[in-house]
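Everything below concerns the one structure shown next.
The values are calculated or read from the model by the stated rules, or taken from the named source; none is laboratory data. These figures come from a predicted structure and were not determined experimentally. Here the Cβ is made from the backbone with ideal geometry for all residues, glycine too, and neighbour counts use every protein chain on show. SASA here: full protein model, heavy atoms, side chains in, ligands and nucleic acids out. Shrake-Rupley method; radii C 1.70, N 1.55, O 1.52, S 1.80 Å.
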Amino acid sequence: MTHPKIFISRLIPARGLDLIKEHFLPEAWTHEMPPTREELLEKVRGVDGLLCTLTEKVDAELMDAAGSQLKIISSMSVGVDHIDIAAATARGIPVGNTPGVLTDATADMAFALLLSAARRVMEGEKYIRAGKWKTWHPQLLLGADLVGSTLGIVGFGRIGQAVAKRAQGFDMRVIFHDPSAHAVHGAKPVDLDSLLHEADFVSLHVPLTPNTKHLVNADFLSKMKPNAILVNTARGGVVDQVALYNALKSNQIFAAALDVTDPEPLPMDNPLLTLENCLIVPHLGSASQRTRDLMSLLAAENLIAGLKGERLPNCVNPEVYSR
Ligand code: DGY
């Protein structure tokens, strides 16, 4: 194939884009905002390769709009809940993602959120900007200590394990719930109820699947300690946000710190935004320059391999190769 048609749906870092351009002549979306659904359906028409991000819903309709020549879907993300993997597999299309390179950046963000919520950093910042800082006060904005506390990690894959490693440096006790994972970094496996009853911090590191949708619901939150802090750097859909709002508003738990919400962006009238004990940042888990550069490179490598008919370096549906 000499001139495959390629669409890149967002402004990706130059590292990845330049690598693709060494091989092919892609069309890349250059606007700040992602394409609308209509624009996307139009842009993918007749493409051999699609490089997308988590802002694009890649479902059966989109694959069919692209056409039967579509050979590769490469996402610049580790999470692939925005892609209908079964639909891609049914069409024999390999789907690539970018695992590994964002593990540390995401674990750092989980810790940044955990520390910020524990020590009420955002509330302190708002307090100053509101002109309320009149004196040092022995009881001002008292938060939680990390040392000696228990961190409960739900989902003990690469990122969950990297969070556990960081917790060791803070002298935290670490427990985790993940039936398919082995214990590392001194973390102890426990069942979910024990984790919720024991943890002072609960950090979520599961992918969003039908099984994990609203895993954090009213029942889950009712089992957490009143001093507990919930940290979510996984996916917004893992948390039932109405239940979370109720738990935070009634001080059933101490605080939440969210890198991800459902939907994204979170509408400005969402009640979570009215709460002092809910810290929210705009999905920045992997947002370091180096990490995004590496993600764009992995996504480019997957795209190039797929277009050349080679096995993707990182394929989420390898069963397409055994068909
Ligand atoms: C991913 O790659 O899935 C992350 O959520 C992006 O930050």
Any chance VAL206 is part of a loop (DSSP other than H, G, I, E, B) and open to solvent by less than 40 Å² (accessible area, probe 1.4 Å): yes
Among the candidates VAL121, VAL163, VAL154, residue that is of a type outside the set (S, T, N, Q), open to solvent by 50 Å² or more (accessible area, probe 1.4 Å) and farther than 30 Å from GLY309 by Cα: VAL121
Region 72-92 - residue that is more than 23 Å from THR36 (Cα to Cα) and either in a loop (DSSP other than H, G, I, E, B) or within 11 Å of the ligand (Cβ to nearest atom) (or both) and, of those, most open to solvent (accessible area, probe 1.4 Å): ARG91
Set ALA144, ALA107, ALA130, ALA118: member being touching a Gly at 6+ places or on another chain (Cβ under 8 Å) and assigned by TED's automatic domain parsing to the domain that holds LYS188: ALA118
Which listed residue is of a type in the set (Ser, Thr, Tyr), within 25 Å of THR89 (Cβ to Cβ) and out of contact with any helix residue (DSSP H, G or I) (no Cβ under 8 Å at 6 or more places or on another chain), from THR30, THR53: THR53
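Looking only at residues in region 281-315 that are of a type in the set (A, V, I, L, M, F, W, C) and surrounded by fewer than 19 Cβ atoms within 10 Å (Cβ to Cβ), which one is farthest from GLY92 (Cα to Cα)?
By that ranking, first place goes to VAL281.
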In region 37-55, the residues that are open to solvent by 10 Å² or more (accessible area, probe 1.4 Å), closer than 21 Å to SER77 by Cα and assigned to a loop (DSSP other than H, G, I, E, B): ASP48, THR53, LEU54, THR55
Criterion: over 19 Å from SER75 (Cα atoms) and either not polar (S, T, N, Q) or not assigned by TED's automatic domain parsing to the domain that holds VAL216 (or both) - qualifying residue of LEU307, LEU273, LEU303, LEU312: LEU273
Of all residues making up region 56-71, the number that are in a helix (DSSP H, G or I), in contact with a strand residue (DSSP E or B) (Cβ under 9 Å, 6 or more places away or on another chain) and open to solvent by 20 Å² or more (accessible area, probe 1.4 Å): 0
Filter pass, THR212 being β-branched (Val, Ile, Thr), within 16 Å of the ligand (Cβ to nearest atom) and not assigned by TED's automatic domain parsing to the domain that holds GLU56: yes
Sole exception among (1) of a type outside the set (S, T, N, Q); (2) within 16 Å of the ligand (Cβ to nearest atom); (3) outside the structural domain of SER203 (by TED's automatic domain parsing) for GLU61, by number: (2)
Residue list for region 1-27, filter: of a type in the set (D, E, K, R) and either within 21 Å of MET63 (Cα to Cα) or touching a helix residue (DSSP H, G or I) at 6+ places or on another chain (Cβ under 8 Å) (or both): LYS5, ARG10, ARG15, GLU27
Every residue from region 209-255 that is under 21 Å from PHE156 (Cβ atoms), buried (at least 24 other Cβ atoms within 10 Å of the Cβ), in contact (Cβ under 8 Å) with a residue 60 or more places away in the chain and not charged (D, E, K, R): ILE229, VAL231, THR233, ALA234
ASP269 vs. criteria more than 24 Å from ARG10 (Cβ to Cβ) and of a type in the set (Asp, Glu): yes
